[in-house]
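Student: Here it is: the structure, laid out below.
The values are calculated or read from the model by the stated rules, or taken from the named source; none is laboratory data. Keep in mind that what you see is a predicted model, and the values were worked out from it rather than measured. Cβ coordinates were reconstructed from backbone atoms using ideal geometry, including for glycine residues, and neighbour counts include every protein chain displayed.
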Amino acid sequence: MTLLTTTDELAAVCERFSRHPFVTVDTEFLRETTFWPKVCVIQIASPQEAVAIDTLADNIDLSPFFELMADPQVVKVFHAARQDLEIIWRLARLIPAPLFDTQVAAMVCGFGEQASYLELVKSITRANLDKSSRFTDWSRRPLSPAQIDYAIADVTHLRDIYATLRARLEKSNRLDWLADEMETLTSPATYEQHPENAWERLRHRARKPRDLAVLMELAAWREAEAQSRDVPRSRVLKDDVLIEVAQSAPRSPEALGNLRSFPKGMERSRAGADIIAAVERGVARDPESIPKIERERRGSNGATVELLKVLLRQVTEQSGVAAKMIATVEDLEAIANDDRADVPALRGWRRAIFGEKALELKRGRLALAVENGKVVTFDWHDAESQAASAPIRAEPPVAASADAPVNSPAEASASG
């Protein structure tokens, strides 16, 4: 096992690794006390060797590593890549490409939603990982042999996982199904931190347009403050306090200090003045600039959404692809409202395995039924014929249509 601590060592390893078709990559970082992740170790492996890079070593230059990450001839393999990619983007303003995320691939290969690295190691390599070093302080030096072994194991097993998942995807002609997810992961916009968008994390906690307007200004102030001080958002102001301030909209230090959850004395500080100024900006916002507060969609399309959920489960079980990869609840709600909704579920491979069926179900041309304890689909006319010819007549499967609304998933099934 090798720990690299000099630029020369790193350059030599990266030159060797660049001759291979892929490398596996992982990072160990800390984020408990900072806004930006502090990378402490980077692990990389080729099909022939594996190393750990001490990113905190004196005078080490990570440029050779970044050059390898930018090499278009080498596939970069990560598991649950988003945080690792955020780190690399933050350090070098580049996104590793071409990219392969084994967690995304596992969702297409029948391993369920968000399969963990540990689960994949057990199911694919049959190995048992020693996770005792998982929560150690990666910033302390020297690193122990156990820490180094743990770090490097994360990229050595990843080689076997990658080979297995890629082979399955190629055999099933599903390799290109990952394209949309990889495009999102490799977009710099995914990792840009814009304070003016910080409110979106909390948008569902705003009850009124004015609350949302104030929340937008408060969240932007907190985000900018946390970034400039490099501290977690909660160190500036906790979410619950932010929401209480947005709902109360205090416009003086006294009113701010009277809030039950607000830190005592903070109302007289610079931060207190900034908060009151943010409240003033929110109250003064043009109502036309405030996004509409989305309420939970119910009513006439609620039954259709529930039917689409049943159909999604059936497609998931039949295809082995995780439901999260095929369609979100927001997708289903959009489809229930509009046959031409601009959602991923109605494009590409998702439309082929689910979207077309969803539209047929809405139009009353597809039926859902239960056979041997499993949900199955029928062409509506075939389903009627089967029901008519059965020795003991049962209720026919129910199809979703504008003329025959259904009130619950249970009403969309009949014994097979």
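Student: Under the condition of being among the charged types (D, E, K, R) and surrounded by 15 or more Cβ atoms within 10 Å (Cβ to Cβ), which residue from region 69-125 is nearest to residue 22 (Cα to Cα)?
Tutor: Step by step, filter region 69-125, then rank; the result is 76.
Student: Scan region 1-60 for residues that are among the aromatic types (Phe, Trp, Tyr) and assigned to a helix (DSSP H, G or I) and report the count.
Tutor: 1
For (1) assigned by TED's automatic domain parsing to the domain that holds residue 70; (2) assigned to a loop (DSSP other than H, G, I, E, B); (3) in contact (Cβ under 8 Å) with a residue 24 or more places away in the chain, each residue gets a yes or a no:
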position: 157; (1), (2), (3): yes, no, yes
position: 160; (1), (2), (3): yes, no, yes
position: 163; (1), (2), (3): yes, no, no
position: 199; (1), (2), (3): no, no, no
position: 218; (1), (2), (3): no, no, yes
position: 227; (1), (2), (3): no, no, yes
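Student: Condition first: surrounded by 16 or more Cβ atoms within 10 Å (Cβ to Cβ), in contact (Cβ under 8 Å) with a residue 40 or more places away in the chain and more than 17 Å from residue 97 (Cα to Cα). Now tell me which residues in region 44-56 satisfy that.
Tutor: 50, 51, 52, 53, 54, 56, listed by residue number.
Student: Test residue 251 against the stated conditions and say whether it is charged (D, E, K, R), free of Cβ contacts under 8 Å to residues at least 40 places away in the same chain and under 24 Å from residue 34 (Cα atoms).
Tutor: No: the conditions fail for residue 251.
Student: I'm trying to understand the selection: among the residues of region 1-36, which are over 24 Å from residue 162 (Cβ atoms) and within 22 Å of the chain's Cα centre (by Cα)?
Tutor: Residues satisfying the conditions are 30, 31, 32, 34, 35, 36.
Student: Answer yes or no as to whether residue 341 is among the hydrophobic types (A, V, I, L, M, F, W, C), in contact with a Pro (Cβ under 7 Å, 6 or more places away or on another chain) and surrounded by fewer than 21 Cβ atoms within 10 Å (Cβ to Cβ).
Tutor: So residue 341 fails the test.
Student: Search region 234-261 for residues being assigned to a loop (DSSP other than H, G, I, E, B) and under 32 Å from the mean Cα position of the chain (by Cα), and hand back the single one that is surrounded by the fewest Cβ atoms within 10 Å (Cβ to Cβ).
Tutor: For region 234-261, the residue satisfying everything is 261.
Student: Being of a type in the set (D, E, K, R), out of contact with any strand residue (DSSP E or B) (no Cβ under 8 Å at 6 or more places or on another chain) and not assigned by TED's automatic domain parsing to the domain that holds residue 82 narrows it down to one residue among 222, 168; which is it?
Tutor: One residue alone meets the criteria, 222.
Student: Then there's this: Where residues in region 282-318 are loosely packed, with under 13 Cβ neighbours inside 10 Å and outside any helix (DSSP H, G or I), which of them is modelled with the highest pLDDT?
Tutor: 284
Student: Mind checking which residues of region 183-203 are in contact with an Asp or Glu (Cβ under 8 Å, 6 or more places away or on another chain), of a type outside the set (Gly, Ala, Ser) and surrounded by 17 or more Cβ atoms within 10 Å (Cβ to Cβ)?
Tutor: Within region 183-203, 185, 191, 202 qualify.
Student: Okay, moving on. Cβ-Cβ below 6 Å, separation at least six or inter-chain, first residue in region 105-123 and in the same structural domain as residue 168 (by TED's automatic domain parsing), second surrounded by 14 or more Cβ atoms within 10 Å (Cβ to Cβ) and of a type in the set (Phe, Trp, Tyr): which pairs?
Tutor: Qualifying pairs under 6 Å: 108/177.
Student: Does residue 174 fit the bill of being over 30 Å from residue 344 (Cβ atoms) and of a type in the set (Lys, Arg)?
Tutor: When the stated conditions are applied, residue 174 does not pass them.
Student: On to the next question. Restricting to region 298-327, name every residue that is free of Cβ contacts under 8 Å to residues at least 12 places away in the same chain and either touching a Gly at 6+ places or on another chain (Cβ under 9 Å) or among the hydroxyl-bearing types (Ser, Thr, Tyr) (or both).
Tutor: Selection gives 316 alone.
Student: Evaluate region 134-147: report whether one residue or more is part of a helix (DSSP H, G or I) and exposed (fewer than 15 other Cβ atoms within 10 Å of the Cβ).
Tutor: Yes, because at least one residue in region 134-147 is part of a helix (DSSP H, G or I) and exposed (fewer than 15 other Cβ atoms within 10 Å of the Cβ).
Student: Can you tell me which residues in region 149-171 are more than 19 Å from residue 20 (Cβ to Cβ) and at pLDDT 95 or above?
Tutor: Correct list: 168, 169, 171.
Student: With the structure loaded, tell me whether residue 6 is modelled with pLDDT of 95 or more, touching a Leu at 6+ places or on another chain (Cβ under 8 Å) and among the polar types (S, T, N, Q) or whether it fails that test.
Tutor: Answer is no for this residue.
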